[in-house]
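Step one of this worksheet: look at the structure below.
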Amino acid sequence: MRARRREIPWFPGVVLATLVFTAVFAAYLAPHSPTEGDITQKLIPPIWMEQGDSDHPLGTDRFGRDVLSRIIYGSRISLIVSLIAIGVAGTVGTLLGLIAGYRGGVTDAVLMRLTDVGLSLPTILIAVVLVAVSEPSFRNVILVIALLLWPRFARQVRGETLAIKEQDFVALAVVAGRSSAWIISRHIFPNVVPTLLVISTLQVGYVILLEGTLSFLGVGVPPPSPAWGLMIADGRGFLATAWWISFLPGLAMVLTVLAVNLMGDWLRDHLDPKLRQLGRAAVLEAPAAASVGPTVDEAPVRGAPAGGGGG
Amino acid sequence: MWRYLTGRVLQTMLSLLVVISIVFVLTRFSGNPVHLLLDVNATERDQEILMRHLGLDRPLPVQYGIYVRNVFLGDFGNSVLTRRPVVEHIWERLPATVELGLVGMVLSVLIGVPLGMYSAVRRGGVLDTGARVFAVLGQSMPAFWLGLMLILFFGVVLGVLPAGGRGGLLHLILPAFTLGYFTSAAIMRLTRSAMLEVLGSDYIKFARLKGLHEQVVLWKHGLKNALLPVVTFAVMLFVQFLGGAVVTETVFAWPGLGRLLLESITTRDYPIVQAGVLVLSALYLTGNLMVDLLYSYLNPRIRHARS
């Protein structure tokens, strides 16, 4: 166990601050349009290479679009997709988890079977088919990712709820004649918030990778959007002549996901000691048959990324 | 034990039914298949005949029932494009996917186990730190990007390995490594923690006291006992490869099931899409079931905790 430090670790802190800053101020920071290119300026290498052009610090792609501007605008897509998808999945999952855990009985049994089914599906496969058949669009990508993500929240929140429900203050509230809704919202939910924060952070990296994978496969955010996954796919045919088209957005993606993951680890260590034993292995890496929560010690480190962290 | 077993089997069947239902609903939403199958000049009468022939004139629940029955009989219909039975297409592509998955699994064990073992032995050393970086990167890197960068380096810059396609052993190296990298990171971590636990046990101390050679202690007494979770995990990984096959197969133009699936999505050959998803999901779900049962058989604590 690494030493507990109070202050936010610098590497993920700096990377994430930069990311949010560029995403918010993309319009001011990007030197060119992310979607319009000048075909006469196509395939210009980055500035440090021969024939580099200071007008395009990171070079241009096959349509003459500025790679730097596209990466900057791309950060927006990654952030918005993960924020909304996790927001939706977190809300639905938390609600169902709270209800299942608090009500118990048949409600719990039904909801948890549903959760088990959700967790057992091959994520990427289902995502690819769902988006492809429902026409790739920004909205559909978010919906499909949320659909695949909610069981993770439900499972974890339900486990926490079960434990909190047994506490004296809940029993007192019941005796005092409070309604279930009141108890759940006033007593149980606030106690679940730290866990929620940790799971959400740990899912951001996964969502970014999943969105990237879908976009790369051509069933994600449709072109000409500057989604990082799309940019990497764009450069596939130019690996030999213009490697920067694929390499640089991928690097941005790796740095972002790495920073989010490290931040999630740090948050887990500080906010939620209960989760510490879980490790990221259980929370982040379990797209398939995740054993987040009470089942964690029942299975071996569950679920390698189905083909790698979302790919 | 029996309760756990039946519960687990039922759950797998439920998951499978959900996948079948998703696929069924999708096919009904993705437009009338009659339009895909018939010529543009087809009359309304032709359409009616085909609708009846395909059973599309019946109520939806009946259609669903027929669909589920056909799936269980292994009848997925014909490809819209080639008019050949979908099953033939699947059988053509399945071996390539299994081959890649198997090699990827072996590779990830070959990398992950020794790496995890030595980082446990030399805890906190250079190798341990390096191995941790390897593992953290494995969680943060998109597989498709890693694949492309490997192609760039080994295929384009060095020119020593083929960039794609299926052929001899050389063609297997890059895709298998791409698949195996992420899992070898996970295997490494697992081996490391299992080894740390084993190395602290009395019988290892005793083996050392007996004066056994350190390598014998590590490999024979240590690894042998640390291997149970690793082996179970490795089998499970193989199963998961099937789920992630789409990505690696696309990057390396590997003619497997995953690529067939994606190709069929682009050409809107929905019978193949359905069958591909169903076959891959079925393999994936039964594989996971096997692993769970195997693991609970090997580890009594789970057997009792769950039942």
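Any read-out appearing in this document is the output of simple, stated calculations on the displayed coordinates, not a laboratory observation. Bear in mind that the values here come from a model prediction, so they are computed numbers and not experimental data. Every residue, glycine as well, gets a Cβ built from its backbone with ideal geometry; the counts of neighbours run over all protein chains shown.
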In order through the stretch A:34-51: 3J(HN,Hα) via Karplus (6.51 cos²θ - 1.76 cosθ + 1.60), integer Hz, x for Gly, Pro | x, 10, 9, x, 9, 4, 6, 9, 6, 6, 6, x, x, 4, 7, 9, 4, 6
Computed ³J(HN,Hα) along the stretch B:141-151: with the Karplus parameters 6.51/-1.76/1.60, θ = phi - 60°, integer Hz and x for glycine or proline, the list is 9, x, 4, 5, 6, 4, x, 5, 5, 5, 4
Fewest to most neighbouring Cβ within 10 Å: what's the order for B:Lys210, B:Lys205?
-> B:Lys210, B:Lys205
Number of partner chain Cβ atoms within 10 Å, mean per residue of A:126-135 = 6
Looks like the stretch B:40-88, by Cα gyration tensor root eigenvalues a ≥ b ≥ c and the a/c under 1.5 rounded cutoff (else prolate when a/b is bigger than b/c, oblate otherwise), is oblate
Mind listing the phi-derived Karplus ³J(HN,Hα) values for the stretch A:206-220, rounded to whole Hz, using 6.51, -1.76 and 1.60 with θ = phi - 60°, and x for any glycine or proline?
-> 5, 5, 4, 5, 5, 4, x, 5, 4, 5, 4, 6, x, 10, x
Please list, in chain and number order, the residues 5+ apart from A:Gly220 or on another chain whose amide H is under 5 Å from its amide H, with Hs placed from the backbone.
-> A:Ser215
Under 14 Å from the Cβ of B:Gly258, count the other residues' Cβ atoms, weight Lys and Arg +1, Asp and Glu -1, and hand me the total.
-> -1
Please find, in a Gaussian network model of chain B (springs between Cα atoms separated by less than 10 Å), the residue of B:Gln274, B:Gln139, B:Gln215 whose mean-square fluctuation is greatest.
-> B:Gln215
Can you tell which of B:Leu294, B:Leu172, B:Leu146 shows the greatest fluctuation in a Gaussian network model of chain B with Cα springs below 10 Å?
-> B:Leu294
Springs between alpha-carbon atoms under 10 Å, Gaussian network over chain B: tell me which of B:Ile90, B:Ile187, B:Ile22 tops the mean-square fluctuations.
-> B:Ile22
Filtered pair list for the protein assembly as shown (Lys only, Cα < 30 Å, 8 or more apart or interchain) has a length of 5
Would you pull out the residues with amide H under 5 Å of A:Thr60's amide H, same chain only if 5 or more places away, H placed 1.01 Å from N?
-> A:Leu43, A:Ile44, A:Val67
Sort B:Ser184, A:Ser82, B:Ser140 so the one with the fewest other Cβ atoms within 10 Å of its own Cβ comes first.
-> B:Ser140, A:Ser82, B:Ser184
Cα centroid of the stretch A:1-71 to Cα centroid of the stretch A:112-130, whole Å | 34
Among A:Ile39, A:Ile142, B:Ile66, B:Ile173, what is the fewest-to-most ranking by other Cβ atoms within 10 Å?
-> A:Ile39, B:Ile66, B:Ile173, A:Ile142
Percentage relative contact order, chain B, counting C-alpha pairs under 8 Å, at least six apart = 26
